[in-house]
Amino acid sequence: RLQESRERLSVCSKLCYAVGGAPYQITGCALGFFLQIYLLDVAQVDAFYASIILFVGRVWDAITDPMVGFFISKTSWTRFGRLMPWIMFSTPFAIISYFLIWFVPDISTGQVMWYLVFYCAFQTLVTCFHVPYSALTMFISREQSERDSATAYRMTVEVLGTVLGTAIQGQIVGKVDTPCVGSPFFFGLTNSSVAMEELNMTHDTESLTDTRNAYMIAAGVIGGLYILCALILLLGVRERRESSELRSDEPVSFFQGLKLVMNHGPYIKLIAGFLFTSLAFMLLEGNFALFCTYTLGFRNEFQNILLAIMLSATLTIPFWQWFLTRFGKKTAVYVGISSAIPFLIAVVVLDSNLVVTYVVAVAAGISVAAAFLLPWSMLPDVIDDFKLQHPSSHGHEAIFFSFYVFFTKFTAGVSLGISTLSLDFAGYQTRGCSQPGQVNFTLKMLVSAVPVGLILLSLLLFKLYPIDEEKRKKNKKALQDLRRVEESNSSSESDNTELASIV
């Protein structure tokens, strides 16, 4: 009881830890929901090149996760810890590169390279923040219940971060009327070149400038929040070296550790299940703004619909935390993830109706909350299981977290690149007031049919995941017993050393 009391975290510590997860979600949500439509309709990048930017940026983001995990495993402990210095030094450079993503350069050539370079730079720097932050879960306490509680705080704040990202970006940008161009194909105009020229020579240029300025203002506000959250994390959380390690042999090399991690069955099954779940929600996130704007026809309401989804997710995080502690994490996966299916189907089957769309958005947010909370709540259980099977091998927490993120980001990059390319093949009209029927059909597939299929596949994979509630409780007890033995041995060795020095 005394040991558990020492390992308990204060509410203030949990809140400061949780706030550190907000920057990744705020920026990620803004980029996920708005970057595609920004590149296509504001920066006016061709759909083919936009798909390349999104694909390469996401894939590079995935590659940097294991790279950062490798370098973290080689980092020596400092008086600030092993993880905190990464967070500290990456923050200012991440903010600069993030701002430049939302800036339209006044250059005739090289615009694609501009966005590609700064998108990749930001993804690298935010990885240097988020991978050590994710691994910090294992360094704040050895008590599983305290880590689960801190994770629930973190997920609540992270979903709140998605609300902030959606609200800040959506409301600031939504106040400006982004100009669109009516295509002669839809209006049946015969003199198409003259009509297009007349449309382009109106107040349209001034409106586009206002839209670009709005995106930069939103980027500045989000950058300020990034700094604030990083400072709260750095000042309010203490990284504890002893919280993660079982004191035994020296840690094995990174590549030996990677081989051990990738051969751990529960880890592979967990990431396989959440791989397809994340893929489903990434497709929905990346294409939802276009879907609301063109397929549903809610050009001036899509930011509010996104906000309704995120608010609903934020408010239901505590419910899912209660649910998983009451019924178990596997049960929470089945109920939480599958609850999105009927709403994903309803949003494309029902006629376009704003009230119905808001109802579906609020209901879908409940499932989004489960998808946010459960992966990060279940991953520490896998690491505990690994420690019991390999008690002499430690220091692999960054590998577990970074490779989980790697697989989800890599597949998300492929999917978003392919989805944007699909829109190009379907005949997407840049800055069009409306889109051809093939584009609307493609958007319906990308936000409904494909995500539903991926969710069903993930639920089948979760059947293979072996750590249920009974197994988790056994692991917790075994790990506590192992630590007591090691602490007892360490105490005996210390006493013997002291006695020998006296003699």
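The values are calculated or read from the model by the stated rules, or taken from the named source; none is laboratory data. Only a predicted model underlies this, so the values are computations on that prediction, with no experimental measurement involved. No Cβ is skipped: glycine too gets one built from the backbone with ideal geometry, and neighbour counts run over all protein chains shown. Note: areas computed on protein heavy atoms with side chains; ligands, DNA, RNA excluded. Shrake-Rupley method; radii C 1.70, N 1.55, O 1.52, S 1.80 Å.
Restricting Arg154, Arg147 to those that are open to solvent by less than 10 Å² (accessible area, probe 1.4 Å), in contact with a Gly (Cβ under 6 Å, 6 or more places away or on another chain) and either assigned by the TED database to the domain that holds Leu379 or in contact (Cβ under 8 Å) with a residue 24 or more places away in the chain (or both) reduces the list to Arg154. Among the conditions (1) modelled with pLDDT of 85 or more; (2) surrounded by 14 or more Cβ atoms within 10 Å (Cβ to Cβ); (3) over 30 Å from Ser73 (Cβ atoms); (4) aliphatic (A, V, I, L, M), the only one that Leu461 does not satisfy is (3). Restricting Phe118, Phe93, Phe103, Phe129 to those that are part of a loop (DSSP other than H, G, I, E, B) and either crowded, with 23+ Cβ neighbours inside 10 Å or at pLDDT 85 or above (or both) reduces the list to Phe103.
From the list Glu158, Glu146, the one residue that fits, being among the acidic types (Asp, Glu), at pLDDT 75 or above and within 18 Å of the chain's Cα centre (by Cα), is Glu158.
Selection of first residues in segment 368-388 that are in the same structural domain as Thr151 (by the TED database) and of second residues that are surrounded by fewer than 22 Cβ atoms within 10 Å (Cβ to Cβ), restricted to Cβ pairs under 6 Å at least 6 apart or on distinct chains, gives an empty result. Does any residue of segment 112-129 turn out to be closer than 16 Å to Tyr17 by Cα and touching a residue at least 60 places away in the same chain (Cβ under 8 Å)? Yes: segment 112-129 contains one or more residues that are closer than 16 Å to Tyr17 by Cα and touching a residue at least 60 places away in the same chain (Cβ under 8 Å).
Helices (runs of 4 or more DSSP H) fully within segment 259-367 that include at least 1 residues being open to solvent by 40 Å² or more (accessible area, probe 1.4 Å), in contact with a Phe, Trp or Tyr (Cβ under 8 Å, 6 or more places away or on another chain) and among the aromatic types (Phe, Trp, Tyr): 329-338.
Determine, yes or no, whether Ser76 is surrounded by fewer than 24 Cβ atoms within 10 Å (Cβ to Cβ), farther than 16 Å from Phe410 by Cβ, of a type in the set (Gly, Ala, Ser) and free of Cβ contacts under 8 Å to residues at least 60 places away in the same chain. Answer is yes for this residue.
For segment 39-65, filtering for residues that are open to solvent by less than 10 Å² (accessible area, probe 1.4 Å), closer than 18 Å to Ala289 by Cβ and of a type in the set (A, V, I, L, M, F, W, C) leaves 8.
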